[in-house]
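Below is one structure; the comments refer to it alone.
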């Protein structure tokens, strides 16, 4: 079903074409607008397209959001011309959330490839439900960098050395 929505845009309104699709339905080639993915009459995902490619409708609004059955956000992804891409230095392209809303993981991308942030933070970071960092993985141009290679990287990005590994204290 195709709908037309009016969305406030500063002092005027934007006309948005909205498709409501079910699992397995396809987005028309070259479509521009919003797609709501429905399952049992509930919205489980919202995607924004421009010329048939996923595209953020705004700098701080992701192109794709997936929701849990209770309506809470499960994960969000930012795209630029159909490729995962960080929308800002401090905002990763992909973020996943625990059911309580806390951040579970984040992934950084540049032009569709995993890549560490400019400030040297890892491309992939995952947290435990208690908020402690579980692990970090460094990437450069889509390729994984071993922890001992991180400090020697020839990238122009400023990097911080990987944290020391936890070692079990000797048994007494």
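Throughout, read-outs are computed from the coordinates displayed, never taken from laboratory work. This structure is a prediction, so every number in the text was calculated from the model and none was measured.
Using every pair of separate Cα atoms, the Kirkwood estimate puts the hydrodynamic radius of the range 2-150 at 16.7 angstrom.
Any chance you could run the full-extension gain for residue 119 through residue 89? It's 0.36 nm times the residue separation minus the Cα-Cα distance, nm to one decimal.
Length gained, residue 119 through residue 89: 10.0 nm.
Seen through its C-alpha gyration tensor, with square-root eigenvalues sorted a ≥ b ≥ c, the range 37-103 comes out oblate because a/c lies at 1.5 or above while a/b is not bigger than b/c.
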